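Following: one structure in structure tokens, then a few remarks.
The values are calculated or read from the model by the stated rules, or taken from the named source; none is laboratory data. Predicted model, so just to flag it, every value in this text is computed and none were measured. Note: ideal-geometry Cβ built from the backbone for every residue, glycine included; neighbour counts use all protein chains shown. The accessibility values were calculated without ligands, DNA or RNA, using every heavy atom of the protein model including side chains. Shrake-Rupley method; radii C 1.70, N 1.55, O 1.52, S 1.80 Å.
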Amino acid sequence: MMRTVSVAETRPSTHPWAVHAEKLQVKAGRHLAVNELDLTLGTGVHGLLGPNGAGKTTLMRALATVVKPSAGRLTLLGEDVTAGADLRRVRRGLGYLPQHFGFYPRFTVREFVEYLAWLKEMPKTVIPAAVQRAIERVGLADRADSRMKTLSGGMLRRAGIAQAIVNDPEVLLLDEPTVGLDPEQRFDFRELLRDIGLDSCVLVSTHLVEDVAVACTDVVLINDGRLVWQGSADELAQQGGTDDAGDSATERGYSALLRAHRGRVSA
Amino acid sequence: MTTHPTPAVISHYASGGADVDDATVWAVEAHLEVCAECRALLSGAVDPGTRELLDRVAAGITAGITAGPGPVRRRRLPRTGVAARVLPWLATAAGLMLAAVLFEKTFASLPSLVLLIAPVAPLLPVAAVWSRRLDPAWELTATMPRTGLPLLMRRTLGVLITVVPVLAVAGWGTGHSPGLWLLPALGFTAGALALGTLVGVDRAALALAVAWSAGVVAPSLADGQLPIVLTGSSLPGWALTTVVLTAVLLVRARRRPRHLTRTFR
């Protein structure tokens, strides 16, 4: 499909990192779920790993501008959102799939994605084509006109991914996107991730270490709201020894890093 | 328009362009795009196998178009999440007004229930347009660039466009002056939005509705007469209140746009 490339798209970016957090603190209720986190993310697919309660979802919500950080600095797409930047401009470049994905049951998939594309301030003329493309990319084209209450869990998840990618976001945040997808759909999804990660910053939160090993170029490991380790997926695989828990090299690397971190904290 | 290529060049081009250089092929191609005569020459020059293939493809596509599903009709009014969740509340407000009319027609001795309820009739749907609890996709819609005062005003306007005709029918049916039901309703709507910049629109609207019911509706039903604020002499007061509250809303929203987006959602 041919489309006009706008000046804004070809303009060189003026920010070194799509996501830049310095000493970031975010509260979940009263609990400080993200505590003095330093993180930089550029173009590529980043896997966000961590045990339950590590602060993955809270970090995602802060990056998606749902919650405001309580302290520290957070710069998204070159705008300091903790210092009263233009949130609207940042949000136009965001795509977000929440962990608990609410939807309107009586809407069809197409209506839902269209409505969110409108809320994302996409020009009216490009919405129908962009919606169709997003729905095709997640493999839901045959169910595009079914009501959302008739969809299975995996299909809903894919509808959620469709709304997240409909505006070709510069920063795509996916919280547990592979929950409910069958193996074949997971392969397709990884393919989609690699495709999007070529020119945007994708952060995928998951606790499936295998997803990270295959689809991610870069791994971010957090625990207790702090950054434990950041590096490539291959480097993660090399961290583990033979006596670490796990069935694959990546899993062993994951458990070795976590164990070392816990040792440092308690020492 | 360039000069037409010779039939010999066209037939070379049709046979794959092995004996002509690239520049000539491009020139022929560019010319063919704009010249129907030369395209006719070209279709005569291709070999029968290719022509048969093209015919088959054309026939196949025509059959596919006639047999396949038609283009999806686009809805004139796109469905929005807010319309879906506000509809029941609009219906409730309309039902309430209807009940008030019936009540007033039945018990003529009591003070006008239509006038007593009209000010708070838009508040239920206004609370619903910006309520976090009523929006299942709140977590998503909270991250959208289209938010803040323009969206709030748009939705409120939508509610008023639906509720005011209902009020008009009720007011006309019971024979009250339009100012007495319209101005208080607008005043309360502006009040809910202005107070909403502090505590959230849904809470503000509910608080105002409860305060009005407890402070004015209940006492005047007990007394058996309309309160002074719902008589003709208080109309300038209502107009002034509405204007002042709207100004407060605009000033607050402009000064702290981020605050507005957060408390409204």
Being free of Cβ contacts under 8 Å to residues at least 60 places away in the same chain, within 14 Å of chain A (Cβ to nearest Cβ), surrounded by fewer than 23 Cβ atoms within 10 Å (Cβ to Cβ) and not charged (D, E, K, R) narrows B:108, B:99, B:84 down to just B:84
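Take the residues in segment A:120-138 that are of a type in the set (D, E, K, R) and not in a helix (DSSP H, G or I); name whichever of them is surrounded by the most Cβ atoms within 10 Å (Cβ to Cβ).
Narrowing segment A:120-138 to residues of a type in the set (D, E, K, R): A:120-121, A:124, A:133, A:136-137.
Of the ones still in play, those that are also not in a helix (DSSP H, G or I) are A:120-121, A:124.
Working: A:120: 22, A:121: 14, A:124: 9.
Going through the qualifying residues, I end up with A:120.
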Going through segment B:188-200 in order, the residues found to be touching a residue at least 40 places away in the same chain (Cβ under 8 Å), in a helix (DSSP H, G or I) and surrounded by fewer than 22 Cβ atoms within 10 Å (Cβ to Cβ) are B:190, B:194, B:198, B:199
Listed by first then second residue, the pairs whose first member lies in segment A:114-128 and is more than 12 Å from residue A:95 (Cβ to Cβ) and more than 10 Å from chain B (Cβ to nearest Cβ), whose partner is of a type outside the set (Ser, Thr, Tyr) and in a loop (DSSP other than H, G, I, E, B), with beta carbons under 9 Å and at least 6 positions apart or on separate chains, are A:126/A:3
Among A:89, A:61, A:73, the single one that is open to solvent by 40 Å² or more (accessible area, probe 1.4 Å), assigned to a helix (DSSP H, G or I) and touching a residue at least 24 places away in the same chain (Cβ under 8 Å) is A:61
Subset of segment A:13-58, residues among the β-branched types (Val, Ile, Thr), surrounded by fewer than 18 Cβ atoms within 10 Å (Cβ to Cβ) and under 11 Å from residue A:74 (Cα atoms), comes to A:40
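Of the residues in segment B:137-169, how many are of a type outside the set (Ser, Thr, Tyr), within 13 Å of chain A (Cβ to nearest Cβ) and touching a residue at least 12 places away in the same chain (Cβ under 8 Å)? Walk me through how you get there before you give the answer.
Of all residues in segment B:137-169, those of a type outside the set (Ser, Thr, Tyr) come to B:137-140, B:142, B:144-146, B:148-155, B:157-161, B:163-169.
Right, trim to within 13 Å of chain A (Cβ to nearest Cβ) and you get B:137-140, B:142, B:144-146, B:148-151, B:154-155.
Those still in the list that are touching a residue at least 12 places away in the same chain (Cβ under 8 Å) too: B:137-138, B:142, B:148-149, B:155.
Going through segment B:137-169 one residue at a time, the tally reaches 6.
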With criteria (1) at negative phi; (2) out of contact with any His (no Cβ under 8 Å at 6 or more places or on another chain), residue A:44 comes up short on (1)
Residues in segment A:75-110 that are within 9 Å of chain B (Cβ to nearest Cβ), in contact with a Leu (Cβ under 9 Å, 6 or more places away or on another chain) and more than 23 Å from residue A:57 (Cβ to Cβ) total 1
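Of these, A:192, A:173, A:181, which one is closer than 30 Å to residue A:237 by Cα and in a strand (DSSP E or B)? Can you show your working first?
Numbers: A:192 fails: in a strand (DSSP E or B); A:181 fails: in a strand (DSSP E or B).
On inspection, the qualifying residue turns out to be A:173.
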Report yes if residue B:24 is of a type in the set (Ser, Thr, Tyr), open to solvent by 100 Å² or more (accessible area, probe 1.4 Å) and part of a helix (DSSP H, G or I), otherwise no. no
